[in-house]
Amino acid sequence: MTRSYLRFAAWLACALLVTALDNGLNAKPAMGWNSWNAFGPTINEEIIKDTADRLVALGLRDAGYVYLNLDDGWSDLKRTADGRLTANKTAFPSGIPALAKYVHSKGLKFGIYADAGNMTCAGFPGSLGFEEVDAQTFADWGVDYLKYDNCYAAQQQWVVDRYTAMRDALNATGRPILYSLCNWGVAEPWLWASGVGNSWRTTEDIEPTWDNVVKLLEYNVGLSQFAGPSRGWNDLDMLFVGNSRLGEYHPFGPFYQEQRAHFALWALFKSPLFIGHDLRNLNSSFVDLLKKKEIVAMNQDELGVAGDLIWQQGTRKIFATALAGGSRGVVLWNLQTTQSQYPLSNITVFWEQIGLGGSQRATVRDVFSERDLGVFSGSFSAAVAFHDVAVLRVTPVEGPLDDSWRPWHAQPLYAPQPANLAVPSAAAWIAGYTGPSSSGSGPGSKQQPDIRKASFSPPASSGPPSFAVVLSVLASLAALGVVGYFVVLHMRMRGWQQLDENEGARKMSEMSQTRRYSPPGS
Ligand code: GLA
């Protein structure tokens, strides 16, 4: 009897050993620098060594940005004769081990990029089928972090299996390598990637526009309950703070207040924080922003509760989190349009919304300026400028100091859907496209159309265009010309009006400097 218990215990221990990531690197979201947003695939060892020097010189390493990660583009187009990945010799003449050594000598950690498919997204060799040899190569090279991408795999090569294979290969090396899943939210990694990776991307790639930053944040609402030190972290993708490409894609690319909203919200959501800018020309105001001690502290807080949306009305949103010791982190966000001539919104957070007593007295601290604003009971209001945030730390001055509140408590928005909380199976996922019963055709049963066929069906005919088509194209061109003429006319007149509005906006912004954080009546 005892022997069979022992055998079962041994089996369980083995099963647990092979089914969990065992690198011990889950405690806090990772912080560092990644090459992709600034350099794309054109990286080389000079850039990386220079970045290592600058991370130290700019004080970013000491602020917590310790990982220096190569993204796609570091490797050669071919594996070596014995099947190993190797660096592009022109870009990295000294080789990756020497580079890792240099990075380590600066007190930094060294990260690399690979792909769970046949090729990386930029077309370099993928690691599918080569997991063991690649994981061992990385361990031999002194790699501390692996970003594992998701390009070029067939649908049948089930995503969970592909990512688990590399997890097991990394475990087998015995080197603690932080494992960052970059699978763009495919198959809801927050449901299955805990125990597979230390973090998982929840969305497609970030772009340097305000709309995209807002969109990615919205995609992450409701996901915070799946993150934490015992699970791993939702990765909202790399930061675009200070990135010189801002504005190239979008005429209203983020300005300072947008950038600090982006940074503060990524930090509150406990996303890994990776700088994506070329450090040779990162404006000092953005260096200071990235080093904001109390924002970084919120991200790295011991309790590890990811923040989430707790209230919204129109363009005003409140996000909050629980912090170690019973404080709350709160972000008041004004998403009003930049076009408004009244660019301020009053936003009030009530203590009940953040799990404090209605009449409890609490100190409110402005996290960006690092100063206490006073003691308040019941609520706090701030006038927040458009696209800007007020980031607050609310700490009860008398008990109870309770850190068990979570942002998703009592939020019907986040009510779990038990049926969806299981790890999805490959069969369910792939078959899912055609509905639960692809052969069901009994009376009254409706079959879901196959969306793959529907959306990829070729155009019906490709003969010469008919007279009616030619006529409608000509008519559309003429209409476009007329509309264009009026648009130009309108814009010229609007130019003058805009000047007045900008003047108004400037005045309101000045007022906001003095009014901000002053609750009515204080
Ligand atoms: C994908 C990833 C990006 C980046 C590129 C590199 O798009 O999501 O973060 O790594 O590949 O090719």
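Read-outs throughout are calculated quantities, based only on the coordinates presented, and are distinct from any laboratory measurement. Worth saying up front: this structure is predicted, and the values here are computed from it rather than measured. A quick note on method: Cβ atoms are made from the backbone with ideal geometry, for glycine too, and the neighbour counts reach across all protein chains shown.
Annotation: peptides 42-52, 177-187, 380-390, ranked by per-residue average of other Cβ atoms within 10 Å with the highest first, follow the order 380-390, 177-187, 42-52.
Counting only DSSP beta bridges with both residues in segment 97-203, the antiparallel share comes to about 10 percent. Close amide H pairs (under 5 Å, H built 1.01 Å from N) link N150 with A116, residues at least 5 positions away or on another chain. The listed peptides 165-174, 392-401, ordered by packing as a protection proxy, come out as 165-174, 392-401 (highest mean of other Cβ atoms within 10 Å first).
Taking amide hydrogens as placed 1.01 Å from N in the peptide plane, the amide H of I206 sits under 5 Å from those of M238, each at least 5 positions away in sequence or on another chain. Each Lys or Arg adds one and each Asp or Glu subtracts one; over the other residues with Cβ under 13 Å from the Cβ of D50, this totals 0. Among the listed pairs K28/K49; K109/K293; K78/K106; K89/K270; K109/K317; K109/K270, a Cα-Cα separation exceeding 29 Å is found for K78/K106; K89/K270; K109/K317.
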